[in-house]
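What follows is a short report on a single structure.
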Amino acid sequence: MKTKFPITAIILFLGIGAIWLLTLSFVRNNLLHDNKQQESQIDMFMHDVNYVQMDQDGLPVNELSAPEVKHFTVNDEYLLTKPELKARDKSNQLWHISAISGKSQKNQTIINLYDQVKISEFQNSTSKDPILEITTNALTFYPETNFAETKEPLTINQVDNIIEAVGGNVDLKNGILKLFSKVKGKYRNNEKLKIKN
């Protein structure tokens, strides 16, 4: 006695395979369409950007530079490639912030930085070696108040002293650093760090 089960099973598996391929093709086409739609929402593309924010007396307060900037109409966001920020505190000490990428939001009042974020403090604008360096993976910078904060792990390097913590903020205007939790450090000399914990 012959059975029709194997032929029915083969037809069923072929049907399931065809449906799977159609579904995969549909999802892939939707992803490509979304990417094209996102690219089409770029209304501005700039190279070698250098933006300087002045104070009431016309003196430079903050400076933002990036080799590449894209503006998206959705959410009015600027995507920054390798952004660098410069800010000065009350005593004219220079702070330099750099990252691999960034995003500017809310009419450039918030700048989020990502990947290999580094904050360096220099004695003045002509100094080559920083007196303090902070490294982390993500940072939010507020240009209006010269304030930066992170919830990520961070490392502080000052001369030969190394401090590690999770989360912190920096008031760049007044040169005050505050750490949130899990603070530990290695001190190789008697210098004091400007840290509020």
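Scan the range 86-97 and give yes if some residue there is assigned by TED's automatic domain parsing to the domain that holds residue 158, part of a strand (DSSP E or B), on the phi < 0 side of the Ramachandran plot and under 13 Å from the mean Cα position of the chain (by Cα), otherwise no.
Checked the range 86-97: at least one residue is assigned by TED's automatic domain parsing to the domain that holds residue 158, part of a strand (DSSP E or B), on the phi < 0 side of the Ramachandran plot and under 13 Å from the mean Cα position of the chain (by Cα).
Within the range 144-188, which residues are closer than 14 Å to residue 112 by Cβ, buried (at least 21 other Cβ atoms within 10 Å of the Cβ) and not β-branched (Val, Ile, Thr)?
148
So in the range 98-119, with the set limited to residues that are within 14 Å of the chain's Cα centre (by Cα) and of a type in the set (Ser, Thr, Tyr), which one is surrounded by the most Cβ atoms within 10 Å (Cβ to Cβ)?
104
Conditions tested, residue by residue: (1) touching an Asp or Glu at 6+ places or on another chain (Cβ under 7 Å); (2) β-branched (Val, Ile, Thr).
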| site | (1), (2) |
| --- | --- |
| 54 | no, no |
| 80 | no, no |
| 90 | no, no |
| 108 | no, no |
| 118 | yes, no |
| 121 | no, no |
| 125 | no, no |
| 130 | yes, no |
| 134 | no, yes |
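Given the conditions (1) modelled with pLDDT under 90; (2) of a type in the set (Lys, Arg); (3) part of a strand (DSSP E or B), and given that residue 118 satisfies all but one, which numbered condition is not satisfied?
Residue 118 satisfies every listed condition except (1).
From 182, 178, which residue is on the phi > 0 side of the Ramachandran plot and part of a strand (DSSP E or B)?
So the residue among 182, 178 that is on the phi > 0 side of the Ramachandran plot and part of a strand (DSSP E or B) is 182.
The values are calculated or read from the model by the stated rules, or taken from the named source; none is laboratory data. Just so it is clear, the structure is predicted and the values come from calculations on it, not from any experiment. Don't worry about glycine lacking a Cβ; one is built from the backbone with ideal geometry, like all the others, and counts go over all protein chains shown.
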